[in-house]
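One structure is given below, encoded as C-alpha cells.
The values are calculated or read from the model by the stated rules, or taken from the named source; none is laboratory data. Given the structure is predicted, the values throughout are model-derived calculations rather than measurements. Cβ placement follows ideal geometry from the backbone for every residue including glycine, while neighbour counts extend to all protein chains displayed. Surface areas here come from the heavy atoms of the whole protein model, side chains and all, with no ligands, DNA or RNA. Shrake-Rupley method; radii C 1.70, N 1.55, O 1.52, S 1.80 Å.
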Amino acid sequence: MAQVNVTINGRQFRMACEDGQEGHLMKLAKELDDRIVELRGKFGEVGDTRLTIMAALTVADELSETAKKLRTLEQDIAALQDARSVAVDRTQATNAAIIAAFNAAAERIEGLARKLNQTVGSPGGPIAIG
C-alpha cells in the first residue's frame, strides 16, 4: 500500500491508499480542503469540527443528488430500451405485412395475366403477355 500526506483544514494527515491511487487521493483531499475554505468564507470561524462536518454533509448531499439522477437516468434508459424493443417488433410486423401485401399483389397480377392469356389466346392460340 502507498502512503500519502494530505493537508485538510491546515492539518497534515498520512493516508494509506492502493498503489497508483496517490494522485486521486490527493485530489480528493484538496477538494475537501477547498470546501472547508469556502464554508469558512461563508460562515466565518465556527470551529474546525463544525466546518469539517458541514463539508462532509455537502459532499453527502451531492452524492445523494447524483445517486437520484443516476436512478432516474437508469429508469429512462430502461424505458428507452423497452420503447426500442416495441419499435423493432412493430417494424418487423410492418415489414412482414408489406411482404405479404406484395406477394398477394404479385399472385393477383399473375392470375390476371393467366386469365388474359387464356382470353386473348382463345380464338387463334395463346398470346403471351409479360
Residue selected from segment 12-27 under the condition within 20 Å of Val37 (Cα to Cα) and either hydrophobic (A, V, I, L, M, F, W, C) or at pLDDT below 95 (or both), by the criterion surrounded by the fewest Cβ atoms within 10 Å (Cβ to Cβ): Phe13
Over segment 66-85, the set of residues closer than 30 Å to Asp34 by Cβ and open to solvent by less than 80 Å² (accessible area, probe 1.4 Å) is Ala67, Thr72
